[in-house]
Number of protein chains: 2
Amino acid sequence: MPVKVTIFGAGSVVFSLALVKDMCLTEGLKGSKVCFMDINEESLDVVHRLAVRYAEDLGSDLTFERTLNREESLQDADFVINTATVSHNEYFMKRRRELAAEYGYFYGATGMPEYHNLQLMLDVAKDMEKICPDAWMLLAGNPVFAGTTLMTRETGVKVCGLCHGHYGYQGVARAIGLDPERVTWQAPGLNHNIWLTHFYYEGKDAYPVLDAWIKDKSEAFWEEREKAGKEISAQLSRSAILQYKMYGLMPIGDTPRRGGWWFHTDLETRKRWYGGAGGGDTPEGRDRILKGKEKKFQQMKSAAYDEKVRPVDLFGNKRSHEQHISIIDGLVNDNEGQFQVNVPNHGALPGIPDDVAVEVPAIVNMKGIQPVRVPPLPKKVLLECIYPEWLGMERTLEALLSGDMSMMLFGVLESHQTRSYEQAQEMLDALLHIEPNEPMAHIEDINDHYTWPKNW
Amino acid sequence: MPVKVTIFGAGSVVFSLALVKDMCLTEGLKGSKVCFMDINEESLDVVHRLAVRYAEDLGSDLTFERTLNREESLQDADFVINTATVSHNEYFMKRRRELAAEYGYFYGATGMPEYHNLQLMLDVAKDMEKICPDAWMLLAGNPVFAGTTLMTRETGVKVCGLCHGHYGYQGVARAIGLDPERVTWQAPGLNHNIWLTHFYYEGKDAYPVLDAWIKDKSEAFWEEREKAGKEISAQLSRSAILQYKMYGLMPIGDTPRRGGWWFHTDLETRKRWYGGAGGGDTPEGRDRILKGKEKKFQQMKSAAYDEKVRPVDLFGNKRSHEQHISIIDGLVNDNEGQFQVNVPNHGALPGIPDDVAVEVPAIVNMKGIQPVRVPPLPKKVLLECIYPEWLGMERTLEALLSGDMSMMLFGVLESHQTRSYEQAQEMLDALLHIEPNEPMAHIEDINDHYTWPKNW
């Protein structure tokens, strides 16, 4: 059945093209329309050109629109794939990290509650309520956990948050010599906070294989990679293994990238726990990623305007690992599948309130996105990992919805890197007055949104 | 109606004598028996002698027993007033603070979850289940919040936690020129975490009077006291007023003594927020308190053995402010009263689980201790003050019940004063191997109780 899919924040070229590719390769979505929306005209043009020509390459009959106008993009949309962010712009993040470093915070760990991206998500969801109230929003931009919770609480829009962190189980399997294709797994939790509760290989518990690898091979694995100057993925880092030892379940995907504050206090500590140069979450590591992204965009841009380059040669003709289009196919054409989704809990993950977005497996077909009720996580994982994050998310949403500036200050005070009340005040003030980036113009000014309590 | 009241940890002489006094002055408890239990024979003898002679002074017909044996003390008890603690022994606390200072922690803020006192409480409650299953335990020893929750979850014993922190509203009233007798108030929450939700003076909202005092008089009040070298009570400190500004409700009693980590990082910071020499919660402040207690005990001891001194001259003949005996009178003789109690929530304080002990007002009469359902606390107070403490308490209980050593380590890592993983490891190890004090011999060794997860 043909549908209209709006890709909001379409300027993420590689991601958008992966979605186009998946649509081209989905029989049941023939004749669909894709609308690209972004506020950056240059990348919008690049993605539009590549998409049109890629569809030609595959002989697909999709049609493509593009617009700079949010409301226009939402007209008649059946699905809105939302990747738009205000502050996850790499240059803005870099600037913010540098600013934080001036006040004594390593790698931007200031604790300031999220505002920009959540405000944008809420604005978009409210627009959807008016313009396309029956459309699904598939949320791809961060923060997925707080954003999915916020939009489903504050609007009637159907939201499903998606991430690819759960594929981390494959990295674990490969490292310990198991074929990921033959692994049966489950890793529920909150987005970026998921735990491998089930891990079977050809019908047998695979945790003993992991334990043997840790005991006999992990040290050699880390040393060898370090000698060879190779990076170690966070999924297989010393940090991940310590977290596994603490909780008895392997942390998956972005989970081991995070963990306790003590893994992230400075570069030396990062090197020790994540190996090599300290992984991607360091100023230098992120610069490398930023350069890679910039290079990639320049390649895309030349390809878009070079008639001799065919997009199929760049992107291939195999489906991506993104779940979005398969979920659309399931919902629209009853082409059933199992996915890892973020949706309001309503009992799927025991011990978490109903209106909090959890990351769980789901069956998707014409009946909808139907979460599988999973067994409870161990109490220790709830108390030390899940509930603290739930609480932080609730504080972030309450700060946003109440506009209470003292809750922003509390967030900075909560950062484990904050050493004094004055430091927190100064850091907050600097963050509130950071020079704006382009996307900020599209949401309310943070300084207008937040006010101090009376009598402050 | 005559009852048997067991005072467990009776060696807290001043507190025990206050209870005896209240019993002597309660008509309905004529003919009752008081059993003093302690492991310290010297203070047990002092309290017993003083009690016998005090009852003579007032012509009361109470009878007194004393014992070093826990089980014996519980035989036929109708009420057990439990003040016993293992680690709140002042000398042990001092030693522990000194040890913590060696590892870089100011005033013992190591984050190690409570073990000793909770284990003792649980042991006593289990004994009560066997020996006097219908008796009430009135819990006076800390931690009241975790202890009341633990004992009511793990045993069938009726427990009511009591504290006097809520009288802090009187200090606020007096400071701003109001007669506490004419104040109508309410301050629910968790023990040591209570908030003045209602504050009326002669039928009018008294918060504007407090606001005017803060605006016009607080600075002069602090400066004048500091010039005169007088201590400022935590209830009226700069810290209390900042907390009030953050939350819109005045923190009461032990609440402003605590607040965020940033009030307690070092002596200079304490001086700034609590005035004078930094208040009681500093090494020097606590030493003063310790000396005062020691002096008081010596006075008690001489009085006990000096036939010329009559206890009534020391203790007077007015009822104390402790709630314990009035609560017993309410339960036994239907002499109804309103009290501030800590009991499992079951809906009294909205937003808190049923099986968590909350501090709320209660009507006490023959029907029992009946909590008043109070309005919800502001969301911000829940998210920034109440829920974090609830979570910490749950972690403490889970650590205790599971005996998982890595949860002890997590607690130390959670201290805002911890700077690195290694520091936490070393601090924990030192705390586990601190030289034992006498009461420790009466509970399981912490090093036997806790074990590391397998594969650690």
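Start at zero, step by 5 Å, and the Cα-Cα distances of the range A:20-102 spread as 3, 12, 20, 19, 16, 11, 7, 6, 3, 2, 0 percent across the bins. Per the Kirkwood definition applied to all pairs of different Cα atoms, how many angstroms is the hydrodynamic radius of the range A:30-163? Its Kirkwood hydrodynamic radius stands at 16.5 Å.
A point 7 Å from Cα along Cα→Cβ stands in for B:E202, and the other copies hold the same point at 8.8 nm, listed in rising order. Partners of B:K454 within straight-line reach, counting aspartates and glutamates whose Cα lies under 12 Å from its Cα and excluding those fewer than 8 residues away in the same chain: A:D211, B:D404. Rounded to the nearest 10 square angstrom, B:S302 shows an accessible area of 70 square angstrom against a 1.4 Å probe.
Cα convex hull of chain A: how many Å³ per residue?
Details: hull volume 68.7 nm³, N = 456.
For chain A, the hull spanned by Cα atoms encloses 151 Å³ per residue.
Would you please classify the overall shape of the range A:108-216 from the alpha carbon gyration tensor, given that a ≥ b ≥ c denote the square roots of the eigenvalues, rounded means a/c under 1.5, and beyond that prolate means a/b larger than b/c while oblate covers the rest? Cα axes put the range A:108-216 in the prolate bin. For A:R288, the accessible area of its heavy atoms, probed at 1.4 Å with every protein chain present, is near 110 square angstrom. Taking amide H as placed 1.01 Å from N in the peptide plane, B:L139 has its amide H under 5 Å from the amide H of B:N82, B:C160, B:G161, B:L162, each at least 5 places away in sequence or on another chain. Across the copies of the chain, B:I434 has label points (7 Å from Cα along Cα→Cβ) spaced 4.2 nm apart, shortest distance listed first. Near A:L190, the amide H atoms lying under 5 Å from its own belong to A:E359; only residues 5 or more places off or on other chains count, and H is placed 1.01 Å from N. Here's the list of aspartates and glutamates a cross-link from B:K130 could span, going by alpha-carbon distance under 14 Å and ignoring same-chain residues fewer than 8 apart: B:E71, B:E72, B:D76, B:D78, B:E154. By the helix-only formula, in which each DSSP H run with n ≥ 4 contributes -39500 (n - 2.57) and the sum is divided by residues, chain B has a 222 nm mean residue ellipticity of -13500 deg cm²/dmol. For A:D355 and A:K379, a Förster radius of 25 Å and the Cβ-Cβ distance give a FRET efficiency of 0.70, rounded to the nearest 0.05. Model label points for A:D179 and B:D429, set 7 angstrom from Cα along the Cα-to-Cβ axis, are 4.6 nm apart. Ordered from largest to smallest accessible area (heavy atoms of protein chains, 1.4 Å probe), the residues A:K291, B:K217 come out as A:K291, B:K217.
Near B:I194: Cβ cut-off under 14 Å, other residues only, Lys/Arg at +1 and Asp/Glu at -1. The net charge is -1.
So in the protein assembly as shown, what percent of DSSP beta bridges are antiparallel if you round to the nearest 5?
Working: 50 of 96 bridges.
Rounded to the nearest five, the antiparallel share is 50 percent.
Looking at the range A:107-205, the DSSP beta bridges with both ends there are about 65 percent antiparallel. Eigen-decomposition of the gyration tensor built on the alpha-carbon atoms of the range A:127-279 gives equivalent ellipsoid semi-axes of 33, 20, 12 angstrom, largest listed first. Nearest 5 percent is fine: what portion of the DSSP beta bridges confined to chain A is antiparallel? Antiparallel bridges: around 50 percent, rounded to the nearest 5. Using only alpha-carbon positions in the range B:334-456, the gyration tensor eigenvalues give semi-axes of 36, 20, 13 Å once each is multiplied by 5 and square-rooted (largest first). Accessible surface buried by the B/A pair amounts to about 3500 Å², both sides summed, 1.4 Å probe.
Sorted into 10 angstrom bins from 0, the C-alpha pair distances of the protein assembly as shown split as 2, 10, 18, 22, 18, 12, 9, 5, 2, 1, 0, 0 percent. Counting heavy atoms of the protein chains alone, A:W452 has an accessible area of about 110 Å² for a 1.4 Å probe.
Given a Förster radius of 22 Å and the C-beta distance between A:H346 and A:Y200 as r, what FRET efficiency does 1/(1 + (r/R0)^6) yield to the nearest 0.05?
Numbers: r = 27 Å, r/R0 = 1.25.
Efficiency at R0 = 22 Å is approximately 0.20.
Show the residues, 5+ positions off or on another chain, whose built amide H is closer than 5 Å to the amide H of B:F36. Amide H neighbours of B:F36: B:I7, B:E65, B:R66, B:T67.
Report the local net charge at B:W136: Lys and Arg +1, Asp and Glu -1, summed over other residues whose C-beta lies under 10 Å from its C-beta. Result for the local shell: -1.
Counting only protein chains, not ligands or nucleic acids, how are B:E336, B:E389, B:E384 ordered by accessible area (probe 1.4 Å), most first? It would help to have the intermediate numbers written out before the result.
Values: B:E336 115, B:E389 40, B:E384 15 Å².
Reading off the accessible areas and sorting them downward yields B:E336, B:E389, B:E384.
Remark: the range A:179-188, residue by residue, has Karplus-estimated 3J(HN,Hα) of 6, x, 5, 9, 9, 9, 9, 7, 8, x Hz, where x stands for each Gly or Pro and the curve is 6.51 cos²θ - 1.76 cosθ + 1.60 at θ = phi - 60°. Take B:Q75, push a point 7 Å out from Cα through the beta-carbon direction, and compare it with the same point in every other copy: 9.1 nm, smallest first.
Note on the range A:4-38 and the range B:240-277: Cα centroid distance 55 Å, given to the nearest whole angstrom. Taking all protein chains together and a 1.4 Å probe, the residues A:R270, B:R257, A:R96 rank B:R257, A:R96, A:R270 from largest to smallest accessible area. Relative contact order of chain B: 18 percent, from C-alpha pairs under 8 Å at least 6 residues apart in sequence. Checking the cross-link pairs B:K158/B:K296; A:K204/A:K227; A:K204/A:K380; B:K126/B:K367; B:K21/B:K301 against a 27 Å limit on the alpha carbon distance flags B:K158/B:K296; A:K204/A:K227 as lying beyond it. In the range B:18-60, Rg over Rh equals 0.99, where Rg is the alpha-carbon radius of gyration and Rh the Kirkwood radius from pairwise Cα distances. With contacts taken as Cα pairs under 8 Å and at least 6 residues apart, the range B:280-434 reaches a relative contact order of 12 percent.
Within the shell of other residues whose beta carbon sits under 12 angstrom from the beta carbon of B:L162, the net charge comes to -2, with Lys and Arg scored +1 and Asp and Glu -1. Show which aspartates and glutamates lie in cross-link reach of B:K230 when reach means a straight Cα distance below 19 angstrom and same-chain residues fewer than eight apart are skipped. Within the straight-line cut-off, B:K230 pairs with B:E219, B:E268, B:D281, B:E284, B:D287.
The values are calculated or read from the model by the stated rules, or taken from the named source; none is laboratory data. Not measured: the values here are computed from a predicted model. Cβ atoms come from the backbone with ideal geometry, glycine included; neighbour counts cover every protein chain shown. Areas reflect the complete protein model, heavy atoms only, side chains present, ligands, DNA and RNA absent. Shrake-Rupley method; radii C 1.70, N 1.55, O 1.52, S 1.80 Å.
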